[in-house]
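Engineer: Please see the structure below; I have some questions.
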Amino acid sequence: MGELVLERITKYYGQFKALDNVSLRINRGEIFTLLGPSGCGKSTTLRVIAGLELPEEGKVYLDGEDITLKKPYERSTAMMFQNYALWPHMTVFDNVAYGLKMKGYGREEIRKRVKWALELVGLSGLENRFPLQLSGGQQQRVALARAIVVEPKVLLLDEPLSNLDAKLRVRVREEIVTLQRKLGITMVYVTHDQEEAMSISDRIAIMDKGRVVQVGTPKEIYHKPTNFFVATFMGRSNVLRGVVKSVSDGLYRVALGKASLYGMAPGERPGIGEDVVVVIRHEAVRRALSGEETNVLEGTAERVSFIGLALQVKVRVEEGVSIIGYLRGDEEVEVGAPIRVAVSPEDVKIYPFSALED
Amino acid sequence: MLQLRRVTYTFDVPLALLLLLTLSLFSLFLVLPLSFLILRPLTGLSLEPFLDMLRYPYLSVPPIGEWYVISERGEYKLLRLLGMNFGVVLNTIFIASAVTVLSTVIGILVATVMARYDFPGKTLLRIASIMPLLYTPFVGAFVLYKIFGDGGLIGSLMLSLGLPVAVEFAGIAGVIVAQTIMFWPIVYLNTMASMLQIDPTLEEQAENMGSRGLSLYRTITLPLSLPGIAAGAGLVFIFSMEDLAAPLAFKVRDVMSVRIVENILASGNIEELGTEVVIVAGLLLLMALGWFFAVRHYVSLKQYAMLSRGGRWKPRVFKPGLLVSGLIYFVVFPLVLFSALPQIGVFLYAFSESWRGTLPEGFTFDHFVAVLSDDNVVRGLRNSVIYSLAALVVIVVIGSTSSYLVSRLNLRGISALDALVMSPLAIPGLSIAMGLLVLYGVLFKDTPLDPYVNPAFLLVIGYAIRKSPFTTRAVFAGLQQVHKALEEAAMNLGASRTRTLFTIVLPLIGLNLIAGSLISFVYSMSEVSTSITVGSLNREQAPLTYYIYDYLTSGYGGGAFIHLASAIVALMIIVQLAAIVLSNYVLKYRYAFLGI
């Protein structure tokens, strides 16, 4: 139950192409996250799945059945809205019971199921409150209870944590994962917060400008970004400009001004002499060991800031080439002092220069 | 194909039926009658009625009469402003244009003062400036005649101040003065709403770049207020053309509205209705539409029905300087207070024994007693209530359906529906009345739909169509405050669109619906154009406003007829006030609805 397939979905808002040929396969029982910057089409994708938007092209299948033209109320998809969309004129009980009433359940059955759902989200005893009498976190749970009580095949969550404060956010997301595991329900989760996505997802789809640019497990996405957008969207990275000098065995030598580094091209493969962009995560840059010669950059410490666990250092290699890296928090570096930093070739990711213009 | 798929995806059966019902009502009782009104004279196989349009009384070039007359009255001179008679059509256009220009100037002036300055007495001014919108069918204009007309208060006042000249207005000049006083608040309220909606940072940015005072006003404030100004001016032009009260009070027969009404009242059946007045009513429609299309670039009908709540931000308000203070206290104040005179006068007439001289004399409740014990009036009142309630049922259906569809469905062509349901505000009621009369009088002769037999049905429909925009807009405003996700959540949980409408939307916007209905009801009760035309065709079924007209024109009720009519209108004002206060309270509007 709950295998969802999107096939070449295209959706326009007027002239604006909100979704461009989006295809996804979401397995039953998995937590699948749509991640991307605002306006990338992730919420629209969710709304297409829910039937709240009708795509111009493409098909949506749920457990093999074509549901593209099914109306929202004819699909077994329950959505949790970003602003919760709790009906202010109904009590908590009535909010949660609404979907069951629409399904035609009897009074006693409704009472039983609502009780079950409210217990599940830890809100027993608040049945007679109105939404406005609840805290943000409580409202969030009512919305969750309202969505799961109808036992949908797919649970859709549209940035469910964005209205909560930072601490509550972490706690609630753990609860959502626990709940999902308990119910074994397929869950599609939309967020723009990469940490959130990493921590809860079985798989992630990165979206940009209405297209799906990469699908994979959190580790794949983080360590093997197949294009420049994903590489720079996830985590914090140095972005440098370079020229390919030589290639052997998939290992590229790229000149960054006078210095040069060895690296890999996880996506499109550039040729020798081609302009490229080089992406190196901050945490991949470390202080070079004495005697270490390969993939070492020499320069002066231009800026040093203590950020708790680590010392963040900006190293000026030469005019126009600077690189940020982390040293251990207990190390000492003077601003202006010479410093050598190193980075492993697999952490140096090379993309065609045209990626910058996209 | 894609569009069709979108439509079938969006609608469910009940919603589609509701839309169909709304469209049929507007087609059968607005679009078709108006088309028939324009087309019927063309099928008459005779040019004669059209040639009539070029002859007296429809056209009179060169004009007849004098612009003004000065006469010696012993110690003083009497300046009598008249205005020349160019014939029915040109007179109407001339009066409407003059009234529009004057109303616009006054309206902008008062709006600027009210929107941008803070001064002692502002609240008084605000209340007084809304007073003229309390609808005083016919009687208000008669009060203005008492003030400006033959031997009126203005003349007496000038003489008692020791001036050597007394001024009085008569004929077309009097109509222009009276209508300006009645209609300028429409421009004022619309302009004011626009001004309050201007983001203050826009003006601050201009100031920051060195613009100030009049130049800031001319380059930023005024252009940004244009939608309100154009909306107000557009309405005034149309209201002036179809106004009947001022021409009646100042005894001007050669305007389109009077010709139409007199001709209908004199006709015993549809054959007796002169083709030339059908043409006149069609012309009235075309002129209103023409004017509307001329300013449509600046206006969206959304601003017609009611004024948006001003001030989402804190508006820029200043203390006036010496010059502006002078303007406020010596020009704006008298002007505004003066404009509340018709409403005050109605009460003076209603409670006084007589008002022959300069001031009313004696206090009495007799007129109220007389009116309420008059069988005709009581029957008229009962008819009006029944019709207005029946109309309200229709209004609630079309108002909620159309505003829901317009605000929620992202479909091509939905703005056409919006324009259609709001259009009655910009279409002269007399054209609608005449359209209904000819279409149903000719095609349904001697059936229950024939207005000469059974006007009640068409009256109800006429009220519903003409007064529905108020409810439509009130519901629309409510819908804009209900987040779409609340409905999506319901549909997502298995509720159909119609079910969502009833379980989620209507409970949330119930108050808006009630408030809008209240306004629609009150304006149905005081509706004039269809009431005194279609409504008059069978006395048994005539509504209240017809009897007010009857009191004033036939001398019915003896010499006290104005006092009696005023007593009815005074009661109507009280009801209107209650309804407006109540719905403003519910909707939290800062300003009243426009009285139409």
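Engineer: Under a 10 Å cutoff between Cα atoms, tell me which one of A:296, A:22, A:335 has the largest fluctuation in the Gaussian network model of chain A.
Structural biologist: Greatest mean-square fluctuation among the candidates belongs to A:335.
Engineer: A follow-up question, please. For a quick check: with amide H placed at 1.01 Å from N, whose amide H comes under 5 Å from residue A:238's, ignoring anything fewer than 5 positions away on the same chain?
Structural biologist: A:280, A:281, A:282
Engineer: Under unit Cβ charges (Lys, Arg +1; Asp, Glu -1), what dipole magnitude, rounded to 20 debye, does segment A:4-228 have relative to its Cα centre?
Structural biologist: Working: 33 positive and 27 negative charges, 63 e Å.
In total the dipole reaches around 300 debye.
Engineer: May I pose another question? Step through the residues of segment A:73-80 one at a time and calculate ³J(HN,Hα) from phi using the Karplus curve (6.51 cos²θ - 1.76 cosθ + 1.60, θ = phi - 60°), rounding each to whole Hz and writing x for Gly and Pro.
Structural biologist: 7, 9, 10, 8, 10, 10, 10, 10
Engineer: With springs connecting C-alpha atoms under 10 Å apart, model chain A as a Gaussian network and identify which of A:77, A:68, A:300 has the largest mean-square fluctuation.
Structural biologist: Of A:77, A:68, A:300, the most mobile in the Gaussian network model is A:300.
Engineer: Next question. When ranked by the protection proxy of mean other Cβ atoms within 10 Å per residue, highest first, what sequence do the peptides B:85-93, A:177-185, B:528-536 form? Write down the numbers at each step before the final one.
Structural biologist: Numbers: B:85-93: 22.4, A:177-185: 14.6, B:528-536: 27.3.
Descending packing order for the listed peptides: B:528-536, B:85-93, A:177-185.
Engineer: If you place +1 on the Cβ of every Lys and Arg and -1 on the Cβ of every Asp and Glu, how big does the dipole about the Cα centre of the protein assembly as shown come out, in debye to the nearest 20? Write out the running numbers ahead of the final one.
Structural biologist: Numbers: 86 positive and 80 negative charges, 269 e Å.
The calculated dipole for the protein assembly as shown is roughly 1300 debye.
Engineer: Sticking with this one: Please pull out the direction-averaged projected area of segment A:173-241, using the convex hull of its alpha-carbon atoms, in nm² to one decimal place. Please list the in-between numbers first.
Structural biologist: Working: hull surface 21.0 nm².
It is 5.2 nm².
Engineer: Can you give the alpha-carbon Rg of segment B:109-191 over 2.2 N^0.38 Å, where N counts its residues?
Structural biologist: After normalising by residue count via 2.2 N^0.38 Å, the value is 1.29.
Engineer: Please list, in order along segment A:165-175, the HN-Hα scalar couplings obtained from phi with the Karplus expression 6.51 cos²θ - 1.76 cosθ + 1.60 (θ = phi - 60°), rounded to whole Hz, x for Gly and Pro.
Structural biologist: Each residue's phi maps through the Karplus curve to give 7, 4, 5, 4, 4, 5, 5, 5, 5, 4, 4 Hz.
Engineer: Estimate the FRET efficiency between residue B:61 and residue B:338 by the formula 1/(1 + (r/R0)^6), using the beta-carbon distance for r and 25 Å for R0, to the nearest 0.05. Mind showing how you got there, number by number?
Structural biologist: Numbers: r = 35 Å, r/R0 = 1.39.
That gives a FRET efficiency of 0.10.
Engineer: Over the Cα atoms of segment B:50-131, how large are the radius of gyration and the largest Cα-Cα distance (Dmax), in Å?
Structural biologist: Cα-based Rg and Dmax for segment B:50-131 come out at 19.9, 59 Å.
Engineer: Here's something else I'd like to know. Using Cα pairs closer than 8 Å and at least 6 residues apart in sequence, work out the relative contact order for segment B:142-257, in percent. List each step's numbers first, then the result.
Structural biologist: Numbers: 117 pairs, mean separation 37.2, N = 116.
So the answer I get is 32 percent.
Engineer: Just need the relative contact order of chain B here, percent rounded to a whole number, with Cα pairs under 8 Å and 6+ apart. Could the numbers behind the result be given before it?
Structural biologist: Working: 932 pairs, mean separation 119.8, N = 596.
For chain B, the relative contact order is 20 percent.
Engineer: How big is the protein assembly as shown in terms of Cα radius of gyration and Dmax, in angstroms?
Structural biologist: Just the Cα atoms of the protein assembly as shown yield Rg and Dmax of 37.0, 124 Å.
Engineer: Fewest Cβ neighbours within 10 Å first, please rank A:87, B:67, B:184, A:116 accordingly.
Structural biologist: Values: A:87 21, B:67 11, B:184 28, A:116 14.
The order, fewest Cβ neighbours first, is B:67, A:116, A:87, B:184.
Engineer: Other chains near A:75-87: what is the mean number of their Cβ atoms within 10 Å of each residue's Cβ?
Structural biologist: Values: counts 3, 1, 2, 4, 6, 2, 7, 1, 4, 3, 10, 3, 9.
Counting other chains' Cβ atoms within 10 Å and averaging over A:75-87 gives 4.
Engineer: When B:201, A:191, B:553 are ordered from fewest to most other Cβ atoms inside 10 Å of their Cβ, what list results?
Structural biologist: Details: B:201 11, A:191 23, B:553 17.
In increasing order of surrounding Cβ atoms, one gets B:201, B:553, A:191.
Engineer: What's the magnitude of the charge dipole for chain B around its Cα centre, counting Lys and Arg as +1 and Asp and Glu as -1 at the beta-carbon? Answer in Debye, nearest 20.
Structural biologist: Dipole size: approximately 2000 debye.
Engineer: Is the shape of segment A:4-228 best called rounded, prolate or oblate, per the rule: a/c under 1.5 gives rounded, else a/b larger than b/c gives prolate, else oblate, with a ≥ b ≥ c the square roots of the Cα gyration tensor eigenvalues? If you can, show how the numbers build up before the last one.
Structural biologist: Numbers: a/c = 1.89, a/b = 1.44, b/c = 1.31.
Prolate, since a/c reaches 1.5 and a/b exceeds b/c.
Engineer: Please turn the phi angles of segment B:63-76 into ³J(HN,Hα) values with the Karplus equation 6.51 cos²θ - 1.76 cosθ + 1.60 (θ = phi - 60°), one per residue in order, whole Hz, x for glycine and proline.
Structural biologist: After applying 6.51 cos²θ - 1.76 cosθ + 1.60, I find x, 9, x, 10, 6, 7, 9, 10, 10, 7, 10, x, 6, 9 Hz.
Engineer: Can you pull the mean other chain C-beta count within 10 Å for peptide B:480-490? Mind showing how you got there, number by number?
Structural biologist: Values: counts 0, 0, 2, 4, 3, 9, 8, 4, 8, 17, 7.
What the average comes to for B:480-490 is 6.
Engineer: Using a Cα-Cα cut-off of under 20 Å, which aspartates and glutamates could be cross-linked to residue B:319, ignoring same-chain neighbours fewer than 8 residues away?
Structural biologist: Reachable aspartates and glutamates: B:118, B:199, B:203, B:204, B:207.
Engineer: For segment A:14-114, what log10 I(q)/I(0) values come out of the Debye formula at q = 0.13, 0.20 1/Å, with one point per alpha carbon and no solvent?
Structural biologist: -0.62, -1.17
Engineer: Using alpha-carbon positions, what is the distance between the centroids of segment B:158-179 and segment B:211-249, in Å?
Structural biologist: Answer, in whole Å: 25.
Engineer: Which lysines, on any chain, are close to residue A:115 with Cα under 20 Å apart, when same-chain ones fewer than 8 places away are left out?
Structural biologist: Residue A:115 reaches A:101, A:103, A:182.
Engineer: Exposure proxy check: B:76, B:58 ranked by fewest other beta carbons within 10 Å? List each step's numbers first, then the result.
Structural biologist: Numbers: B:76 16, B:58 23.
Ranking B:76, B:58 by Cβ neighbours within 10 Å, fewest first, gives B:76, B:58.
Engineer: For chain B, with the dipole built from +1 on Lys and Arg beta-carbon atoms and -1 on Asp and Glu ones, taken about the Cα centre, which of B:552, B:197, B:120 lies farthest toward the positive end?
Structural biologist: Checking the options against the dipole of chain B, the answer is B:197.
Engineer: Moving on to the next point. Report for segment A:81-215 the percent antiparallel among DSSP-assigned beta bridges with both residues inside it, nearest 5. Please report the intermediate quantities before stating the final value.
Structural biologist: Numbers: 4 of 9 bridges.
The answer is about 45 percent antiparallel.
Engineer: Now, a different point. Would you please classify the overall shape of chain B from the alpha carbon gyration tensor, given that a ≥ b ≥ c denote the square roots of the eigenvalues, rounded means a/c under 1.5, and beyond that prolate means a/b larger than b/c while oblate covers the rest?
Structural biologist: Numbers: a/c = 1.58, a/b = 1.15, b/c = 1.38.
Note, shape of chain B comes out oblate.
Engineer: Compare the Cα positions of B:137, A:184, B:165 along the charge dipole of the protein assembly as shown (+1 at Cβ of Lys, Arg; -1 at Cβ of Asp, Glu; about the Cα centre) and return the one farthest towards the positive end.
Structural biologist: My answer, from the dipole projection, is A:184.
Engineer: Taking a 27 Å limit on the Cα-Cα distance, which of the listed pairs A:17/A:167; A:209/A:258; A:219/A:258; A:59/A:153 fall beyond it? List each step's numbers first, then the result.
Structural biologist: Details: A:17/A:167 36 Å; A:209/A:258 36 Å; A:219/A:258 34 Å; A:59/A:153 18 Å.
Beyond 27 Å: A:17/A:167; A:209/A:258; A:219/A:258.
Engineer: Need the list of lysines near residue A:224 for cross-linking: C-alpha distance under 16 angstrom, and skip anything on the same chain fewer than eight residues off.
Structural biologist: Leaving aside lysines fewer than 8 places away in the same chain, those within reach of residue A:224 are A:349.
Engineer: Then there's this: Counting only DSSP beta bridges with both residues in the protein assembly as shown, what percent are antiparallel, rounded to the nearest 5?
Structural biologist: Numbers: 71 of 96 bridges.
Bridges in the protein assembly as shown are about 75 percent antiparallel.
Engineer: Please provide three numbers in whole Å: the alpha-carbon extents of segment B:200-300 along the principal axes, with the largest listed first.
Structural biologist: Computed over the Cα atoms, the extents are 69, 28, 16 Å.
Engineer: Report the FRET efficiency, 1/(1 + (r/R0)^6), for residue B:4 and residue A:65, where r is their Cβ-Cβ distance and R0 is 35 Å, rounded to 0.05. Write out the running numbers ahead of the final one.
Structural biologist: Numbers: r = 23 Å, r/R0 = 0.66.
Using R0 = 35 Å, I get an efficiency of 0.95.
Engineer: Follow-up. Along the charge dipole of chain B, Cβ charges K/R +1 and D/E -1, which of B:517, B:453, B:34 sits furthest on the positive end?
Structural biologist: B:517
Engineer: Over the residues of segment A:229-357, compute the C-alpha Rg and express it relative to 2.2 N^0.38 Å.
Structural biologist: Working: Rg = 14.4 Å, N = 129, 2.2 N^0.38 = 13.9 Å.
Cα-based Rg divided by the globular estimate yields 1.03.
Engineer: Other chains' Cβ within 10 Å of A:97-110 residues: what's the mean?
Structural biologist: 2
Engineer: For chain A, what does the relative contact order come out to in percent, with C-alpha contacts under 8 Å and a separation of six or more?
Structural biologist: Numbers: 750 pairs, mean separation 55.7, N = 358.
Once normalised by length, the contact order is 16 percent.
FYI, it's all coordinate maths here, none of it is from the lab. Values in this document were obtained by computation on a predicted structure and should not be read as measured data. FYI the Cβ positions are ideal-geometry reconstructions off the backbone, even for glycines, and counts take in every protein chain you see.
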